[in-house]
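No value in this document is a laboratory result; all are computed from the given coordinates. For clarity, every value in this text was computed on a predicted model and none was experimentally measured. All Cβ positions, glycine included, derive from the backbone under ideal geometry; neighbour counts span all protein chains shown.
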Amino acid sequence: MSRTCGVAVTVFGCGWVLMGLEILGGRMLSPDFGSGVWVWGSVISIFLAALSTGYFVGGLLSQRFPQGFGLALVIVMAAISIIPVAIWHRTASGWFADLDLHERWGSLFAAMTLFFVPSMLLGIVSPYAVRLVTQDVASVGTKAGTLYAISTAGSFLGCLLTSFYFILWMGIQLILFLSAGALLLIALLLLATWYTKGIKKQEVVTNET
Amino acid sequence: MKRRFLMMAIFGISVGVVCQASLVEGKQEWPIPGQNDYSEYESKVLLEKESLYHYIRVLEEDGSRRLQFRRSGSDYEESVINIRQPLKFEMYYYSLMLAGFAHKSDPNRILFIGLGGGTIPMAIHHYFPMAQIDNVELDPDVVEVAKKYFGFKEDDNMKVYVRDGRVQVRRLLRKKMKYDIVFVDAFRGGYIPYHLTTREFMEGLKAILTSDGIVVSNLRPGFESYHYHRRTFNTVFRNQYSYGSGSNVIVIVDAREKPLPQKDLLAAARRLQKEKQFTTDLPAIIEEGGMHNDYVRKGPILTDDYAPTDVLRSIRRE
């Protein structure tokens with residue numbers, strides 16, 4: 001598998017986990033804050049704020065360390081950041097609920113505490129991935145477009161399958177642990193494809209453009 | 001002199017009118033706004049509105065007003081009230097819900113989750129005027145509809161909290177409030193929101209009940225989630241009773257050491273029927289109901305972690 005393929009699988013998987021997490025986010029908060037519009041509003045806006053931050057940070061990081069290892073490390077951190085969410089989300093949202101703020105603020109703060117870090121880390125992935133597959137300026141638009149398409153297709157499936165099937169098959173906690181596990185596997189795959197000698201094949205691909 | 005006579009006559013007539021009006025009111029359980037303009041032969045839509053949570057419709061036909069929530073192309077009936085005689089229940093499950101009073105016939109405090117048109121709380125208020133009734137309704141527009149079209153009224157013994165049911169239970173728990181009866185009748189167009197079905201929610205309910213308090217829950221046996229719901233009740237409450245066998249089953253649960261014998265329930269129902277003159281035959285409902293285990297006993301339960309009820313709602317039982 002070429003480096004490009006490895007990166008493509010990475011953005012697909014990270015997109016998947018990100019939206020799966022967002023769907024679960026609403027369900028994690030509703031026991032304490034209800035299932036009204038505020039809860040969904042909080043979750044979605046926190047994810048967007050985190051992504052915005054992540055994109056920015058991702059761009060900076062990719063310039064400093066344009067290496068597969070850097071991106072793999074970010075993904076491992078994202079995986080690790082999901083684990084406390086899986087274990088303590090009930091405690092955390094209960095704590096915010098007991099502050100007796102208006103539901104919209106309670107759910108916003110709880111969403112921020114629980115989901116900002118993992119979704120910010122996953123937000124770093126896309127710009128970083130673009131940098132990793134770019135060899136020349138002429139092809140950067142195509143590469144970026146393709147990666148975003150793949151990443152968003154992953155998000156699409158993550159969103160759909162989580163809400164339609166996964167929550168029917170298993171508990172929230174298990175889905176979160178599996179997501180963290182999937183991210184670790186993705187990081188390993190990325191490292192494997194990045195550091196095996198597929199350079200020649202890579203050159204063929206770039207010459208085509 | 002003539003003028004005085006005229007005034008006396010006017011006075012007399014107006015007293016007569018007032019008396020008559022109060023007579024009519026005495027006959028009627030609670031006034032439904034606009035009931036005098038109502039025509040039997042007309043069927044009309046009084047309100048169509050997209051609220052924060054629902055697509056709301058209020059219809060008037062065949063002597064009744066109907067509150068409907070639309071979901072997936074169907075209009076789900078949430079409340080129906082008889083315009084002339086609100087106590088003549090137009091939905092059978094309203095009568096079934098009265099079974100709760102055979103279990104607990106002297107309630108001081110009642111919590112009602114899911115106001116809808118407010119027909120049942122108003123009826124309870126009528127039959128048990130001394131009981132303090134706290135209602136919880138998520139949608140502010142539904143509270144407006146209840147007041148404007150169903151004659152729902154707040155007073156010293158009737159309150160509404162506009163809030164999510166689960167959030168309110170959590171607050172009541174913190175305030176250490178206790179209730180004798182908690183009615184759970186919260187639907188969102190045919191299904192119960194999942195966070196009002198889980199073991200954690202039921203534990204919250206149990207914690208706000210008095211020692212011999214009960215939860216009265218309106219369930220839909222046509223759906224797979226019914227069995228999950230009852231199994232989950234079974235893990236939290238010691239005794240379960242069910243009433244009705246149609247599209248709605250009323251499940252009553254309590255945490256007593258021993259279940260209430262049916263003959264006691266029946267005796268209580270007969271006594272209440274005599275005293276309150278319910279428009280429905282409460283003793284008959286009690287007689288038909290009881291501790292049936294008409295659900296699949298083996299299988300998963302619902303928790304905050306695992307509660308696929310909004311998926312299960314679409315799976316009809318064979």
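Scalar couplings 3J(HN,Hα) for region B:213-221, obtained by applying the Karplus form with A = 6.51, B = -1.76, C = 1.60 to θ = phi - 60°, are x, 10, 10, 10, 10, 9, 10, 10, x Hz; x denotes Gly and Pro. From most to least packed by mean Cβ count within 10 Å, the peptides B:72-78, B:128-134 give B:128-134, B:72-78.
Would any residue of region B:72-89 have its amide N under 18 Å from a label point 7 Å out along Cα→Cβ of B:Glu288? List them or say none. Zone members listed by number: B:88-89. For region A:3-202, relative contact order (Cα pairs under 8 Å, six or more residues apart, normalised by length) works out to 44 percent. With a 10 Å cut-off around each Cβ of B:197-203, the average count of Cβ atoms from other chains is 1.
Span-like helix check, chain A: qualifying full DSSP H segments, with Cα axial length of 27 Å or more and mean Kyte-Doolittle of 0.5 or more, are A:3-33, A:37-64, A:68-98, A:103-133, A:140-161, A:172-195.
Highest mean packing comes first when the peptides B:254-261, B:228-235 are listed by Cβ atoms within 10 Å, giving B:228-235, B:254-261. Extending each Cα 7 Å along its Cβ direction at B:Arg270 and B:Ser43, get the distance between those two points in nm, one decimal. If labels sit at B:Arg270 and B:Ser43, their model points lie 4.3 nm apart.
Just rank A:Trp16, A:Trp105, fewest to most, by other beta-carbon atoms within 10 angstrom.
Fewest-to-most ranking of A:Trp16, A:Trp105: A:Trp105, A:Trp16.
What is the Cα centroid distance between region B:125-143 and region A:1-38, reported in whole angstrom? Centre-to-centre (Cα) distance: 40 Å. Helical runs (DSSP H, four residues minimum) scored at -39500 (n - 2.57) apiece and divided by the length of chain A put the mean residue ellipticity at 222 nm at -30000 deg cm²/dmol. Largest GNM mean-square fluctuation across A:Thr162, A:Thr196, A:Thr134, computed for chain A with C-alpha springs under 10 Å, falls on A:Thr196. Mind checking the mean number of beta-carbon atoms from other chains within 10 Å of the Cβ atoms in B:298-308? Counting Cβ atoms of other protein chains within 10 Å of each residue's Cβ and averaging gives 5.
Full extension of the chain segment joining B:Arg256 with B:Glu154 gains 33.5 nm, where the gain is 0.36 nm per residue of separation less the Cα-Cα distance. One quarter of the convex hull surface built on the alpha carbon atoms of chain A amounts to 11.4 nm², the projected area averaged over directions. Semi-axis lengths, largest first, of the ellipsoid equivalent to region B:92-312 are 23, 22, 17 Å, with √(5λ) applied to each eigenvalue of the Cα gyration tensor. In terms of distances greater than 31 angstrom between alpha carbons, the cross-link table entries B:Lys153/B:Lys263; B:Lys44/B:Lys274; B:Lys178/B:Lys276; B:Lys148/B:Lys274; B:Lys178/B:Lys263; B:Lys104/B:Lys175 yield B:Lys153/B:Lys263; B:Lys44/B:Lys274; B:Lys148/B:Lys274. Helix B:262-276 and the longest principal axis of the C-alpha atoms of chain B enclose an angle of approximately 10°.
The packing ranking of peptides B:212-223, A:44-55, highest mean first, is B:212-223, A:44-55, where packing means the average number of other beta carbon atoms within 10 angstrom of each residue.
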